[in-house]
1. Please compute the volume of the convex hull spanned by the alpha-carbon atoms of the range 87-193 and report it per residue in Å³.
2. In the range 230-317, carbon and sulfur make up what percent of the accessible area (probe 1.4 Å)?
3. With each pseudo-label sitting 7 Å past Cα toward Cβ, what's the Glu100-Arg278 distance in nm, one decimal?
4. With labels modelled as points extended 7 Å from the Cα through the Cβ direction, what inter-label distance (nm, one decimal) is found for Phe127 paired with Phe208?
5. Which of the peptides 190-203, 272-285 is most tightly packed, and how do the rest follow, going by the mean number of other Cβ atoms within 10 Å of each residue?
6. Pull out the extension gain between Asp114 and Ala249, defined as 0.36 nm times the separation in residues minus the alpha carbon to alpha carbon distance; nm, one decimal.
7. I'd like to check one number: the per residue accessible area of the chain, probe 1.4 Å, reported in Å² as a whole number.
8. Would you kindly calculate the mean projected area, averaged across all directions, of the convex hull enclosing the Cα atoms of the chain, in square nanometres?
Amino acid sequence: MGESNKNIGFVAIGRNEGERLKRCLLSIAQVTDRVVYVDSNSSDGSVTFARERNVEVVELDMSIPFTAARARDAGFERLKEKWPDTDFVHFIDGDCEVVEGWPEKALAEIMRDDNLGVVTGWRSERFPDATVYNMMCEVEWRGPAGDIAACGGDMLVRVAAYEEAGGFNPIVIAAEDDEFCIRVRKAGYAIRRLTEEMTLHDAAMTRFSEWWARARRAGHGYAQVGAMHPDYFRQERRRVILWGAVIPALAIIALLIRPWLIIPFIALYGLSYLKSRRGLIAGGVSPENASAYGRFLVLSKAPNFLGMMTYWRRRLLNDDYKIIEYK
């Protein structure tokens, strides 16, 4: 462990990650011994393995609704309690491992700019060609360098920025990273992506039902975070309502009036697919993968809309915001 890493700590979260958690914790051990693992009721020996590696463990009380935001917040609190002089905390999901050399690059970037609150990089899939769902995750994780509005759950955060922003909001069940980043920026800090390999992720997504649930969870995030910060996810919400509700409803009405009237609606979805495919190819995605991803992007508006409706139903009935799990 390098001298420059002495004030960085890691918070990993997970449940029943098995070998993936082992790879995660072993990769962190090459960086620092300031590690907190937050477990959400694993039954696969994850807690035992972590403690055998001298990792600080937080076992969440599962009688309280679980969210990844709650887990990260609990991990941060334990990290600061045990190592109060920690200046930077790196959050990582338990199904990821740190790429060698990344922490040093991220630390160098954040230490040269006091206005920088969060640094992130590229998350890559371990098996991107195993399934179409893994491939879509691989494409989703990679974006251009520069200052950005928000990032995913793997991130290096300045402790001062975390505390000024108020940490993660435990009631946000999806897009909690976006919601946190919004408040980091409101606190006056920037968020920056480096085009560097950061973490290696193992999505292990093999079924359509898993993808559908993940897309429904994203819709819940659009609605919940959008309700908290109306200017955020505005375009996403509009697209979901248009393509996931309004156009399908009009198509059904047209079909009932005259079956052939559905043809223009099919054409609209075809044009949407072609636009998505063209944009993906322009972004460097292969034509074959762009075709597959484009089809799923068009289809995703249906589960996105269901997720949005789930949020509004829960809010109307004052129900708990329980996490939508896809694995």
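The values are calculated or read from the model by the stated rules, or taken from the named source; none is laboratory data. Computed from a predicted structure; not experimentally measured. Ideal geometry is used to build each Cβ from the backbone, glycine not excepted, and the neighbour counts take in all protein chains shown. Only protein heavy atoms, including side chains, enter the accessible area calculation; ligands, DNA and RNA are left aside. Shrake-Rupley method; radii C 1.70, N 1.55, O 1.52, S 1.80 Å.
1. 106 Å³
2. Details: 3850 of 5620 Å².
Percent of accessible area from carbon and sulfur atoms in the range 230-317: 68.
3. Those two pseudo-labels are separated by 4.4 nm.
4. My value for the distance between the label points is 2.1 nm.
5. Values: 190-203: 20.6, 272-285: 15.1.
The packing order, highest mean first, is 190-203, 272-285.
6. Values: separation 135, 0.36 × 135 = 48.60 nm, distance 5.08 nm.
So the chain would gain 43.5 nm between Asp114 and Ala249.
7. Working: 15540 Å² over 327 residues.
Averaged over the residues of the chain, the accessible area is 48 Å².
8. Numbers: hull surface 70.2 nm².
With every direction weighted equally, the projected area is 17.6 nm².
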